[in-house]
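The values are calculated or read from the model by the stated rules, or taken from the named source; none is laboratory data. Just so you know, these numbers come straight off a predicted model, no measurement behind them. So basically every Cβ, Gly included, is an ideal-geometry build from the backbone, and we count neighbours across all protein chains shown. Only protein heavy atoms, including side chains, enter the accessible area calculation; ligands, DNA and RNA are left aside. Shrake-Rupley method; radii C 1.70, N 1.55, O 1.52, S 1.80 Å.
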Amino acid sequence: MERPAWAPRSIDISVPSVSRIYDYYLGGSHNFEVDREAARKAMEFMPGLPKIMQANRAFMRRAVRFAAGEGITQFLDVGSGIPTFGNVHEVAQAAVPGARVVYVDNDPVAVAHSQAVLAGNDDADVVAADLRKPRDILSSPRLDRLIDLNRPVALLLVAILHFVEDADDPYGAVAELREALAPGSLLVLTHASYEGIPLPAERAGGAVDVYKDIRNPLIMRSREEIARFFEGYDMVEPGLVPMPRWRPDSAPEDEDPYAFSGFAGVGRTA
């Protein structure tokens, strides 16, 4: 397999990556055949996966605009993935010129691409770190250069927590990040769930098994389990809801049924 110029030498391009699979679902070009093969296998069970990802991105953009409208000018996107059109820095800086954005990802391709996309943008940067080690994120000089933790921050955990197993204490990681944030900060979160998927759970489980097979287990949590991530936050209306129902720009009834899979919400620290 020929290695494209954008792929860092350090990565094994014969192993699928969840961030490159996500890029494929969104119609991106920074993925390999091994990623596309895994995505197609998952779509055999859940053909609406791209619709779910599109709804996820649309929610993220609405939530960033909401945060900017609330006066927040600092954004920390953990598990940011490979940059695509309408990324956080584009939305935030269009709404608030000079808004500061730090991306965090543990995928070398995502980090390398973020660096390329952000070249020349002094108000945005990327940190190579893992959500499961919040201290590495919070102690990064790149974060310290742009983000003042004494002022409100919008923390984005969009489509990332369902890749953190309970054994890795995702609730503890989210709490540690929350403790570092100033009052008035926001948590912007989406999470996969069997609830809302327009398929029997057994069939949707076939797609989940594909992720298990590539050693990136997809943890489907209940609405109640997802709500626990918002401990210490006051929920912003309309609360924890299917993605198209969070402050929609158009009638949710017009959305594809798959878009209602999983949950999205925004919380505010007191």
**Report entry** Over the chain: helical MRE at 222 nm, DSSP H runs n ≥ 4 each giving -39500 (n - 2.57), nearest 500
**Finding:** -11000 deg cm²/dmol
Query - Cα gyration tensor category, rounded, prolate or oblate, for region 85-143 with a/c compared to 1.5 - result: prolate
Query raised in the report: Roughly how many Å² is the accessible area per residue of the chain, as a whole number, for a 1.4 Å probe?
Result: 44 Å²
Report summary line: Between R215 and A175, the FRET efficiency computed from the C-beta separation at R0 = 22 Å comes out, to the nearest 0.05, as 0.25
Query raised in the report: Looking at the chain, what % of its DSSP beta bridges pair antiparallel, to the nearest 5?
Result: 35 percent
Query raised in the report: At a 1.4 Å probe radius, carbon and sulfur cover how many percent of the accessible area of the chain?
Result: 49 percent
Query raised in the report: If we count every other residue with Cβ under 9 angstrom of V127's Cβ, Lys/Arg +1 and Asp/Glu -1, where does the sum land?
Result: -2
Query raised in the report: What fraction, in whole percent, of alpha-carbon pairs in the chain exceed 36 Å separation?
Result: 8 percent
Report summary line: The answer for GluC sites (Glu not before Pro) in region 167-240 that fall in a DSSP coil and have at most 14 neighbouring Cβ atoms within 10 Å is E231
Query raised in the report: For region 93-183, what class follows from the C-alpha gyration tensor (a ≥ b ≥ c being the square roots of its eigenvalues): rounded when a/c is under 1.5, otherwise prolate if a/b is larger than b/c, else oblate?
Result: oblate
Query raised in the report: Over region 56-215, what per residue volume does the convex hull of the Cα atoms give, in whole Å³?
Result: 124 Å³
Report summary line: Across A129, A180, A68, the residue with the highest GNM fluctuation in the chain (Cα network, 10 Å cutoff) is A180
Report task. Please work out how much accessible surface V18 shows to a 1.4 Å probe, ignoring ligands, DNA and RNA, in Å² rounded to 10. Result -> 40 Å²
Query raised in the report: Which residues' amide hydrogens lie under 5 Å from the amide hydrogen of V101, considering only partners 5 or more residues apart or on another chain, with H built in the peptide plane?
Result: F75, A124, D125
Query raised in the report: Between I226, I137, I214, which gets the highest mean-square fluctuation from a Gaussian network model of the chain, Cα cutoff 10 Å?
Result: I214
Report summary line: Of all DSSP beta bridges having both residues in region 138-270, the percent classed as antiparallel (nearest 5) is 65 percent
